[in-house]
Structures are given as structure tokens and as C-alpha cells.
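Visitor: Below: one structure in C-alpha cells.
The values are calculated or read from the model by the stated rules, or taken from the named source; none is laboratory data. Bear in mind that the values here come from a model prediction, so they are computed numbers and not experimental data. No Cβ is skipped: glycine too gets one built from the backbone with ideal geometry, and neighbour counts run over all protein chains shown.
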Amino acid sequence: MKLCIKSPERKMDFFVEMGAYNGEEFSNTLWLERKHNWTGLLIEANPDLCRQIDLLKRQAWRLCACISNNFKQTEFIQSGAIGGMASELDNDQMKTVETNQTISVPCFNMIEVMDKIGVQHIDYFSLDVEGSELIVLDSIRNELISGKIVVNIWSIEYRTWDGKQNIINKSFQKLKNLRDFFENIGGYVEHSQLNNEDGENRDGMALDVVFVRT
């Protein structure tokens, strides 16, 4: 399977946004690109959303695929911002899915992707893949430990939402799993948790957690 990545024309500070949606709504990196001249890599598995990203002509690489060390392809539920790997969406998350339509999408090893574009240092990594976050992190565990890949700042979504409310016990468990991962690899501290303007930032209630390299 050939790895095809659309590339920008310049290199500045570098981000990765995995779960890029349409490249504009909910984007954690568009502001960095447009206001601060960053570039980066946008990863989105839904081909319909990838086409929308391309229309924006963002100054970033764009990969339309999933990231995994274990699969060459996977079944992906194509449901807008809530889409994800069919094997990783739990019953609560499935309540938010508008359709059960699945498509087969290619998967690539993250190291293969970063080697392809010649980047090993990531200033900011935004990870929002509807339940597959630890799969992605585990796929680069050894490289983060060895320093082959360096990430300065992570923001990772951990909330489990069923369409009406936060499933607090599941959100808390995901947060614990993320903390365990970063404690295990070493070299990071938890910086903060992020939420919407009127939301709480305490454990299990926030939307994202931020880890910073020491």
C-alpha cells in the first residue's frame, strides 16, 4: 500500500492534528498556522472530510488514513465529527453516531509517516480520535522513550460522551490510562485540563488533558 501525503511548501514550527475533522471547525491548529506561520500534519480517516480539508489549501501535509502498528486497514464508522474505528467506539459513544455506515480505510505506522515527511520533532500534537487515543500512543511508545520522536506538548481528548451527558466513570478511566502511559514513558508532566467555557476542569469532567515535556 503506497503512502501518499499532500505536502506544504514551507516548514516552520510543527504540529500534528490527528482527528482533524474538516480542517476548520473544532481545529486546534488552524490558528497556529494562520496567525503564527506554523505548519504541520493533518490526519483524518474520513475521505469526505479529507476532501473538505483540501479545499482550505492549508499549509500542512494531509494524510487520509488511520494510524496503527497492527492493521493495514480498518473498518471506520463514517459519522462526521463522531466517526471512528468501529472496533474502538463503545456503546455510549455509539449513541452519538448518526449512521452505522462503515468504510474500509488504510492504516499506517506513525514512524513510517514521520519518516516520509522528514520530521521527528513535533512542537504540538492534538489527539482526538474518539476512543483510539491509546492505540495511537502505544504505536509510538518506544520512539517517545528513545527520543526518535519528540513531542513538546500534547492535548488529548478523553471525555466519553453519549450524546446527552458525560459518562464520568469512563472519562475518568480514560484519563487514568493516559496518566499511566505518560508516567510510564517518563519525561512529561500533566499541565492542565481543558473544557468549554462553562465546563468544569476537574478530573473526569474536562474535555482534554494537556501533557508537557520536561
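Visitor: With 170, 116 as the choices, which residue is touching an Asp or Glu at 6+ places or on another chain (Cβ under 8 Å), modelled with pLDDT of 85 or more and charged (D, E, K, R)?
Guide: 170 is the lone residue from the list that is touching an Asp or Glu at 6+ places or on another chain (Cβ under 8 Å), modelled with pLDDT of 85 or more and charged (D, E, K, R).
Visitor: Sticking with this one: Mind telling me which of the residues 62, 58 ends up being in a strand (DSSP E or B), modelled with pLDDT of 80 or more and charged (D, E, K, R)?
Guide: 62
Visitor: Identify all residues within the range 127-147 that are closer than 16 Å to residue 214 by Cα and either surrounded by 18 or more Cβ atoms within 10 Å (Cβ to Cβ) or not small (Gly, Ala, Ser) (or both); write none if there are none.
Guide: 144, 145
Visitor: I'd like the residue in the range 186-207 that is under 16 Å from residue 167 (Cβ atoms) and of a type in the set (Asp, Glu) and, out of all such residues, is modelled with the highest pLDDT.
Guide: 203
Visitor: State whether the residues of the range 172-179 include one that is outside any loop (DSSP other than H, G, I, E, B), in contact with a strand residue (DSSP E or B) (Cβ under 8 Å, 6 or more places away or on another chain) and among the hydrophobic types (A, V, I, L, M, F, W, C).
Guide: yes
Visitor: Also, quick follow-up: So, of the residues in the range 40-55 that are in contact with a Cys (Cβ under 8 Å, 6 or more places away or on another chain) and part of a helix (DSSP H, G or I), which turns out to be surrounded by the fewest Cβ atoms within 10 Å (Cβ to Cβ)?
Guide: Out of the qualifying residues, it is 47.
Visitor: Can you tell me which condition residue 161 does not meet? The list is (1) in contact with a strand residue (DSSP E or B) (Cβ under 8 Å, 6 or more places away or on another chain); (2) crowded, with 17+ Cβ neighbours inside 10 Å; (3) modelled with pLDDT under 95; (4) over 18 Å from residue 211 (Cβ atoms), and all the others hold.
Guide: (1)
Visitor: Now for a separate question. Name the residue that is nearest to the chain's Cα centre (by Cα), counting only residues in the range 185-214 that are without any contact (Cβ under 8 Å) to a residue 24 or more places away in the chain and not in a strand (DSSP E or B).
Guide: 195
Visitor: So which residues in the range 112-146 are hydroxyl-bearing (Ser, Thr, Tyr) and either under 10 Å from the mean Cα position of the chain (by Cα) or at positive phi (or both), if there are any at all?
Guide: Residues satisfying the conditions are 126, 132.
Visitor: Could you check the range 126-152 and list, in sequence order, the residues that are outside any helix (DSSP H, G or I) and charged (D, E, K, R)?
Guide: 128, 130, 148
Visitor: Additional query: Within the group 198, 208, which residue is acidic (Asp, Glu) and either closer than 23 Å to residue 66 by Cβ or surrounded by 13 or more Cβ atoms within 10 Å (Cβ to Cβ) (or both)?
Guide: 208
Visitor: Follow-up question, since we're still on this one. Which one of 7, 27, 68 is among the polar types (S, T, N, Q), at pLDDT 95 or above and surrounded by fewer than 22 Cβ atoms within 10 Å (Cβ to Cβ)?
Guide: 27
Visitor: Restricting the search to the range 18-39, which residues are in a strand (DSSP E or B) and either among the charged types (D, E, K, R) or over 13 Å from the mean Cα position of the chain (by Cα) (or both)?
Guide: If the condition is that a residue be in a strand (DSSP E or B) and either among the charged types (D, E, K, R) or over 13 Å from the mean Cα position of the chain (by Cα) (or both), then 39 is the only one that fits.
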